[in-house]
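Take a look at the structure set out below.
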Amino acid sequence: MTSWESLYARRATRMRASEIRELLKLLDRPDVISFAGGIPDSALFPARAFKEAYSEILSGPEADRALQYGVSEGSPRLRRWIAEHMKSLGVDCGPENILVTSGSQQGLDYIGKLFLSEGDTALVQWPTYLGALQAFNAYEPAYDRLDPGTNLSADDIRAKAAASDGKVKFAYLSPDFANPTGRTLDLAERRRTLALAEELDCALIEDAPYECLRYDGAPVPALLALDCEAAGGIEATRTLYCGSFSKSLSPGLRLGWICAAMPVISRLVLIKQASDLNSPVLNQEAMARVAERVFEDHTAGMRATYKARRDAMLAALEAHMPRGTSWTRPEGGMFIWLELPAGIDAADLLTASVEKAKVAFVPGRAFHPDGTGGNTLRLSFSCADAEKIEAGIARLGSLIAETVTATL
């Protein structure tokens with residue numbers, strides 16, 4: 001038999017299965033209430049709008065073009081809509097500053113490929129988005145903590161990077177309703193992060209898939225908007241903005257984008273050409289039409305639904321969680337981050353929870369680059385109604401209380 005392990009590149013040893021993707025299989029079990037998948041509720045997708053868009057394209061004069069290869073940068077019509085959307089966020093840019101990707105996950109992979117050499121440092125929040133770690137891991141970086149709430153020392157960060165025989169290439173963060181914590185950076189923290197990136201002379205990666213899902217509080221300017229303001233325009237910025245249609249219109253079409261200065265976009269286009277040539281033209285054309293017609297009204301409806309579910313989960317946590325358990329109170333997004341009493345491992349708790357309480361969640365260790373965070377977990381409220389949320393959190397709270405008692 002072929003010894004496949006001896007043939008793989010070294011980077012393959014850093015590729016790990018996603019705990020979240022595995023947990024999504026639990027969604028098919030009707031007896032389990034799942035707070036695991038960070039996915040939108042499929043009942044909220046604008047299916048009719050997509051049906052009309054596809055029918056219009058395929059029955060009209062643009063059918064041949066939509067079924068053909070396309071330009072690597074992305075559909076001009078879709079990039080024009082994205083550029084206008086970015087302007088609504090305070091980013092004055094044009095279609096030439098946009099690269100359409102096959103979901104924002106592909107964008108993160110391209111960013112890792114473009115910036116990271118073995119031993120280079122990526123600054124990330126602790127915990128951070130698991131998908132970003134998976135995208136970056138193959139390029140063999142070292143990770144260091146990015147904590148916008150403190151005054152980080154650029155000299156200390158540089159010294160750590162040099163010890164890994166590399167340099168700091170970028171800081172990665174999700175400033176709005178982050179996955180997994182649900183936390184949002186305030187204006188001072190965003191300015192502090194930009195100043196740190198300036199001092200380190202590194203790129204800043206703004207991952208913003210939940211930007212349109214704010215339920216409370218005033219919007220905070222995007223990092224790229226603040227960067228444009230300080231630098232005098234997008235061409236002088238160091239921020240790459242990663243956007244997505246997956247949480248707003250549909251994840252199944254696999255469409256996201258990167259917005260950045262043209263020199264960076266031109267490099268990323270080369271990676272796109274070598275990877276998959278272009279994202280599906282038909283999907284891009286349909287997305288452009290649906291975004292033009294329903295984006296604002298549709299996302300307003302989503303916000304109302306998700307806000308009610310978030311409120312239901314926060315109320316259930318208050319009612320059913322035992323003393324010593326704490327959680328975040330997100331202003332938007334899809335997630336609440338739970339910290340368990342000391343001594344309880346969330347991975348062990350998950351096994352008992354699925355078997356006894358019939359409730360699923362995501363253990364928090366996977367979101368920590370160093371494998372810490374064993375007593376943390378992520379709850380998603382996006383796909384459960386108020387009744388399921390109340391029942392599931394009540395069962396989970398009872399199980400945690402029993403576990404705490406057993407450890408005394």
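Throughout, read-outs are computed from the coordinates displayed, never taken from laboratory work. No experiment lies behind these values; they were computed from the predicted model shown. We place every Cβ from the backbone using ideal geometry, glycine too, and count neighbours over all the protein chains shown.
State the label only: which of [x] 86, 66, 43; [y] 71, 48, 37; [z] 65, 60, 56 corresponds to Cα extents along the principal axes in Å computed from the shown model?
Answer label, from the structure shown: [z].
Suppose every K and R has +1 on its Cβ and every D and E has -1 on its Cβ; what is the size of the dipole of the chain about the Cα centre, in Debye to the nearest 20? Let's see the in-between values first.
On the way: 44 positive and 53 negative charges, 110 e Å.
Dipole magnitude for the chain comes out near 520 debye.
Taking a cut-off of 12 Å between Cα atoms, list the aspartates and glutamates near Lys307, but don't count ones fewer than 8 places away on the same chain.
Leaving aside aspartates and glutamates fewer than 8 places away in the same chain, those within reach of Lys307 are Asp216, Glu331, Asp385.
Counting other beta carbons within 10 Å of each Cβ, put Met262, Met313, Met334, Met1 in order, fewest first. Provide the component values of the computation, followed by the final result.
Numbers: Met262 13, Met313 24, Met334 27, Met1 3.
Fewest-to-most ranking of Met262, Met313, Met334, Met1: Met1, Met262, Met313, Met334.
Quick one: which of 397-407, 377-387, 29-39 comes out on top by average Cβ neighbours within 10 Å, and what's the full order, highest first?
On the way: 397-407: 15.5, 377-387: 21.8, 29-39: 19.0.
Ranked by mean Cβ neighbours within 10 Å, highest first: 377-387, 29-39, 397-407.
Do any of Lys87/Lys247; Lys160/Lys272; Lys87/Lys272; Lys247/Lys358; Lys51/Lys272 go past 22 Å between their Cα atoms, and which?
On the way: Lys87/Lys247 20 Å; Lys160/Lys272 32 Å; Lys87/Lys272 25 Å; Lys247/Lys358 26 Å; Lys51/Lys272 28 Å.
Lys160/Lys272; Lys87/Lys272; Lys247/Lys358; Lys51/Lys272, as the Cα separations exceed 22 Å there.
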